[in-house]
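The numbers here are math on the coordinates, done by the rules we state, and not lab data. In this text the structure is predicted, and so the values were computed from the model without any measurement. Because the Cβ atoms are built from the backbone with ideal geometry, glycine has one as well, and the counts that use them run over all protein chains shown.
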Amino acid sequence: MLTGPAAAADLTAVITQQVHPVLVRKDHNALFRLTITAESPFVLLRSLQISLRGTDDPRDIDSLELFFAGENGAFSTTARFGDALRPTSETLVIGGHARLRQGPNHFWLSCRLAANASLHRWVDATCTALETSGGRVAPVDQSNGLRKRIGIALRKHYDDGVHTYRIPALATTKRGTLLCVYDMRRRKGRDLQEDIDIGLSRSTDGG
């Protein structure tokens, strides 16, 4: 929906989310995808109002970033809109400059979690308003209420000098010890015949 007499184009905006956790030790965690569809080209996106309502504690979030996804809509961190922000309240505004092309334009909101974020809490975010050269737009959230559990990335790219960790498996012993095993692909991410060891992580407190 557009408001204001200076609307230069008809715009619609839709929020969608995927079901997955957000992870401590991961630089980028996708929170939602924003798709802005413009009937005419050259409309400017100037800012987004973000709501963290549904997040148990905004202090679990170290920073928020918005990225332009390109034509296929896949998550990408190569083109950032505006600056990375650390949330200090439930609502914040990300300002920037993006020229929208005619048709769908995809953006992703990403977060980096604080190192001490609690694994007992959840994160949620949505976009409540857009400011554009064509007017103010109220997005429709098609996955409203879909929160994301906080987890931790036990192993990631180049931890301990290992190129790739893959194919994890979990098991619990009779004493309640949680075991996680995985490929340690030391030089490359591909399968055999490469330099691959088996790694093991264990937890005595349920993970």
Scoring only Lys, Arg, Asp and Glu (+1, +1, -1, -1) among other residues with Cβ under 14 Å from the Cβ of residue 164 yields +1
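Treat region 58-159 as a sphere of radius equal to its Kirkwood radius over Cα pairs and apply Stokes-Einstein at 10 °C in a medium of 1.306 mPa s; give the translational diffusion coefficient in µm²/s, rounded to a whole number.
After rounding, the answer is 102 µm²/s.
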Cα gyration tensor of the chain - equivalent ellipsoid semi-axes, whole Å, descending: 38, 20, 13
Could you tell me how far the Cα centroid of region 103-132 sits from the Cα centroid of region 24-44, in Å? 10
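Which FRET efficiency, nearest 0.05, do residue 159 and residue 136 yield, Cβ-Cβ r, R0 45 Å? Can you show the working numbers first?
Working: r = 45 Å, r/R0 = 0.99.
After rounding, the FRET efficiency stands at 0.50.
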Proximal aspartates and glutamates relative to residue 188, as straight alpha-carbon distance under 18 Å, when same-chain residues fewer than 8 apart are discounted: 159, 160, 197
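For region 1-141, what proportion of DSSP beta bridges, expressed in % and rounded to the nearest 5, is antiparallel?
Values: 45 of 47 bridges.
In region 1-141, DSSP labels about 95 percent of beta bridges as antiparallel.
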What does the charge count near residue 114 come to, summing +1 for each Lys or Arg and -1 for each Asp or Glu among other residues with Cβ under 9 Å from its Cβ? 0
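How high is the FRET efficiency between residue 79 and residue 174 when r is their beta carbon distance and R₀ equals 30 Å, given to the nearest 0.05? Mind dumping the intermediate values first?
Details: r = 51 Å, r/R0 = 1.70.
Calculated transfer efficiency: 0.05.
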In whole angstrom, and with the biggest value first, how far do the Cα coordinates of region 116-170 range along each principal axis? 50, 27, 23
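Going by average Cβ neighbours within 10 Å, how do the peptides 98-104, 195-201 rank, with the highest at the top? Spell out each step's value before the answer.
On the way: 98-104: 15.0, 195-201: 12.9.
Highest mean packing first, the order is 98-104, 195-201.
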Region 121-207: chymotrypsin sites (Phe, Trp or Tyr not before Pro) in DSSP coil with no more than 16 other Cβ atoms inside 10 Å: 158
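Determine the dipole magnitude for the chain: charges of +1 sit on the beta-carbon of Lys and Arg, -1 on that of Asp and Glu, nothing else is charged, the reference point is the Cα centre, and the result goes in debye to the nearest 20. Show your work: numbers first, answer last.
Working: 27 positive and 22 negative charges, 102 e Å.
That gives the chain a dipole magnitude of about 480 debye.
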In square nanometres and to one decimal, what's the mean projected area of the convex hull around the Cα atoms of region 110-207? 10.7
